[in-house]
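Everything below concerns the one structure shown next.
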Amino acid sequence: MGDTKKSSKPALGKGLGSILGGNADTVLPETSRARVMTDSVSMIPVSAIDARTDQPRKHFDEALLEELANSIRNMGVITPVTVRPLEGGRYQLIAGERRLRASKIAGLQEIPSYVRTANELEVAQMALVENIQRTDLNAIEIAVSYQRLLDEFNLTHEYLSEKVGKQRSTVTNYIRLLKLFPEAQVALRDNQITMGHARALIPIEDRDLQAKIVRKIIKDGLSVRQVEQLISKYTAVPEDTAKTKKINILPQEIEAFKNQFSQKLHVQVAIDQGHSGKGKITIPFASESELQHLIRTIAVMVD
């Protein structure tokens, strides 16, 4: 069955074991229909495994599934799927839906499985990590999955980036893709434009203009640099307007406070102060969960 300890391609720097802390116990329900093969792998009837309806990957290529099914008929399932036990001797799939689907096509009655105890957050994290490691979700699927983890489990960008082994800026950049209008999101999902193109399009707040540029990218094969130059023509500030803008130079002690405050909140705080002394402090946030994190942090600071 080969080495089943862990994947040889830790694409995210974090494997499924790290999500569970590396020492999750294998617990089989008393009424389990699983046939234990080793200390950590069991043979479980495919009919006893329920797939998750909210797993990150939504599209499965039928031709690729058939190829995998043919491989399974010849070689068997090399890498076990991962499941968690449910009541009544059933199991919920955590990772490996392509292998489970292909095994059903191949006519297998049971499939090698890692049985893990995991809560809802751990299951969602493992499903996301496994899909990215093995079959590469498209950028929009990744963005939606990140956002769901943030919203449903009230996570911060820092915590999520640590769990999936990505830099915080990478997680934020994916989530920002959800600001795109539908036509741009679909084009990115279908690989008609790249993530570089998509990031350049985010600042455009006019839906029709964004769609127009997306169509031009696809039609003319524009590079990211060409798109940036095109967008700059639409978003350029008129010269007379630019001349009226004044540089906001803060007193040294206020600048020092701004920098310290930014470091504590892990966001770039802005302070605007006019000649009269009046002004405002701006604290940006990228999601509802990040706002709640800022509120809690500030509450602790002023308590």
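The values are calculated or read from the model by the stated rules, or taken from the named source; none is laboratory data. As the structure is a prediction and not an experimental result, all values here were calculated from the model. Heads up, the Cβs are rebuilt from the backbone with ideal geometry, glycines too, and the neighbour counts pull from every protein chain shown.
Numbers at a glance
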{"item": "Residues being acidic (Asp, Glu) and touching a residue at least 12 places away in the same chain (Cβ under 8 Å) - total across segment 273-303", "result": "2"}
{"item": "Residue match in segment 288-303 (condition: among the charged types (D, E, K, R), assigned to a strand (DSSP E or B) and in the same structural domain as Ile254 (by TED's automatic domain parsing))", "result": "no"}
{"item": "Residues located in segment 164-188, provided they are under 14 Å from the mean Cα position of the chain (by Cα), of a type in the set (D, E, K, R) and in a helix (DSSP H, G or I)", "result": "Arg168, Arg176"}
{"item": "Count of segment 71-113 residues which are outside any helix (DSSP H, G or I) and of a type outside the set (A, V, I, L, M, F, W, C)", "result": "15"}
{"item": "Selection within segment 83-113 - buried (at least 22 other Cβ atoms within 10 Å of the Cβ), of a type in the set (S, T, N, Q) and farther than 11 Å from Ile44 by Cα", "result": "Ser103"}
{"item": "Selection from segment 251-287 of residues that are farther than 21 Å from Val171 by Cα, among the hydroxyl-bearing types (Ser, Thr, Tyr) and either assigned to a helix (DSSP H, G or I) or at pLDDT 75 or above (or both)", "result": "Thr282"}
{"item": "Flag for Val46 being at pLDDT 85 or above, in the same structural domain as Pro112 (by TED's automatic domain parsing), under 24 Å from the mean Cα position of the chain (by Cα) and among the hydrophobic types (A, V, I, L, M, F, W, C)", "result": "no"}
{"item": "Filter result (buried (at least 19 other Cβ atoms within 10 Å of the Cβ), in a loop (DSSP other than H, G, I, E, B) and modelled with pLDDT of 80 or more) within segment 137-163", "result": "Thr156"}
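Every residue, every condition in (1) of a type in the set (Val, Ile, Thr); (2) at pLDDT 90 or above, yes or no:
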position	(1), (2)
Glu62	no, no
Leu65	no, no
Ile78	yes, no
Thr82	yes, no
Gly107	no, yes
Ile111	yes, yes
